[in-house]
Amino acid sequence: MAGRVEGKVALITGGASGIGRSCAERLAQEGAIVVVTDVQDDKGAQTVADITAAGGKASYLPHDVTGEQPWIDVVAAIKAQHGRLDILVNNAGIGLSGSVLTMPLADFQKQTAVNLDGVFLGVKHSIPLMRENGGGSIINMSSVAGLKGSAILAGYCATKGAVRLFTKSVALECAAAKDGIRVNSVHPGIIETPIWDSIMGTGDVGDNARPPRPAVLDAMTLEGVPLGKKGFPEDIANGVLWLASDESRYVTGAEIVIDGGFSIK
Ligand SMILES: NC(=O)c1ccc[n+]([C@@H]2O[C@H](COP(=O)([O-])OP(=O)(O)OC[C@H]3O[C@@H](n4cnc5c(N)ncnc54)[C@H](O)[C@@H]3O)[C@@H](O)[C@H]2O)c1
């Protein structure tokens, strides 16, 4: 039986870890030819080795999403190797917490460069190759932090809120061009991944007294999430798979919230 994204070529940024890694695995399980990119080369290569060992098709490219030339190079490499691009998961991201009164401008700008500039550049450089083959699916990783505010994550929320409306705007541009490209955002809630180590490293949690990450997330979600538990990367990857597949062919400009109800309270 054919997979749900059989033969489609998929680029996943930030695919070395957490949600991106799970998206790469899930898409490969369903027949996609997966290109994993990241700045963590060893972990990216490990993702690819694990996918390949499980019978999937995958390769790794080093790629800092904040630079325009790296995007030009990655898309050119995909065109040379595969001749097409069907799915882009703009997933790479960082999370920096703290008061706006003490956050250095350089940190604010660094976060914006990865979380927002990276998404802009991905869209800009992937659409021409997708158009050559009559369409595609772009999935931009936003967050519940793109739907509601947080006292210690103002800069992060700013980037994720921007990704939400950027996504809808590009969806309209592609629809007007009748290019067959759908563009949607995904909004994870509290998901067990290493990003929380940097988020919890500063701000109101307190570095020294902090228990291990899984215990902190369990406590946070028990109180704040209606379903009473945290999510895992595969919970997000399953939503990404649906958006990547033709099952969502009538969906564009949508925001898919996967958060155990966190954002409805
Ligand atoms: N984990 C959560 O609870 C949660 C919630 C909402 C949204 N998100 C979003 O999901 C996405 C994935 O995060 P995650 O939770 O899997 O975290 P993660 O830290 O496990 O993975 C993020 C990946 O992005 C990569 N990356 C960072 N800077 C990069 C750059 N300049 N160029 C290329 N790659 C870069 C990292 O090396 C890492 O592999 C992010 O956009 C994040 O904001 C996560």
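The values are calculated or read from the model by the stated rules, or taken from the named source; none is laboratory data. Keep in mind the model is a prediction, meaning the values are calculated, not measured. Because the Cβ atoms are built from the backbone with ideal geometry, glycine has one as well, and the counts that use them run over all protein chains shown. Just so you know, the surface numbers come from the protein's heavy atoms only, side chains and all, with ligands and any DNA or RNA stripped out. Shrake-Rupley method; radii C 1.70, N 1.55, O 1.52, S 1.80 Å.
The condition of being of a type in the set (V, I, T), modelled with pLDDT under 95 and away from the ligand (no atom under 12 Å from the Cβ) does not hold for T221. In the range 241-250, what residues are open to solvent by 30 Å² or more (accessible area, probe 1.4 Å) and either within 19 Å of L11 (Cβ to Cβ) or within 19 Å of the chain's Cα centre (by Cα) (or both)? Scanning the range 241-250 gives W242, D246.
Of the residues A80, A32, A53, only one is away from the ligand (no atom under 14 Å from the Cβ), crowded, with 22+ Cβ neighbours inside 10 Å and modelled with pLDDT of 95 or more; which?
On the way: A80 fails: crowded, with 22+ Cβ neighbours inside 10 Å; A53 fails: crowded, with 22+ Cβ neighbours inside 10 Å.
Criteria check complete, one pass: A32.
Out of curiosity, is A24 touching a Gly at 6+ places or on another chain (Cβ under 8 Å), in a helix (DSSP H, G or I) and crowded, with 22+ Cβ neighbours inside 10 Å? Working first, answer last.
Values: touching a Gly at 6+ places or on another chain (Cβ under 8 Å): yes; in a helix (DSSP H, G or I): yes; crowded, with 22+ Cβ neighbours inside 10 Å: yes.
Yes: the conditions hold for A24.
Of all residue pairs spaced 6 or more apart or on separate chains, those with beta-carbon atoms under 8 Å, a first member in the range 210-221 that is among the charged types (D, E, K, R) and assigned to a helix (DSSP H, G or I) and a second member that is at pLDDT 90 or above and open to solvent by 70 Å² or more (accessible area, probe 1.4 Å) are D218/K229. Every condition in (1) without any contact (Cβ under 8 Å) to a residue 40 or more places away in the chain; (2) outside any loop (DSSP other than H, G, I, E, B); (3) within 11 Å of the ligand (Cβ to nearest atom) holds for I12 except the one numbered (1).
Would it be correct to say that I19 is under 26 Å from D259 (Cα atoms) and either away from the ligand (no atom under 15 Å from the Cβ) or among the hydrophobic types (A, V, I, L, M, F, W, C) (or both)?
Working: under 26 Å from D259 (Cα atoms): yes; either away from the ligand (no atom under 15 Å from the Cβ) or among the hydrophobic types (A, V, I, L, M, F, W, C) (or both): yes.
Yes; evaluated as a whole, the condition is true for this residue.
For the range 56-76, the set of residues classified as more than 10 Å from the ligand (Cβ to nearest atom) and either in a loop (DSSP other than H, G, I, E, B) or open to solvent by 40 Å² or more (accessible area, probe 1.4 Å) (or both) consists of G56, K57, Y60, L61, E68, Q69, I72, D73, A76, listed by residue number. Looking across the range 91-108, the residues that are part of a loop (DSSP other than H, G, I, E, B) and either within 11 Å of the ligand (Cβ to nearest atom) or more than 23 Å from the chain's Cα centre (by Cα) (or both) come down to N91, A92, G93, I94, G95, L96, S99, V100, L101, T102, M103, P104.
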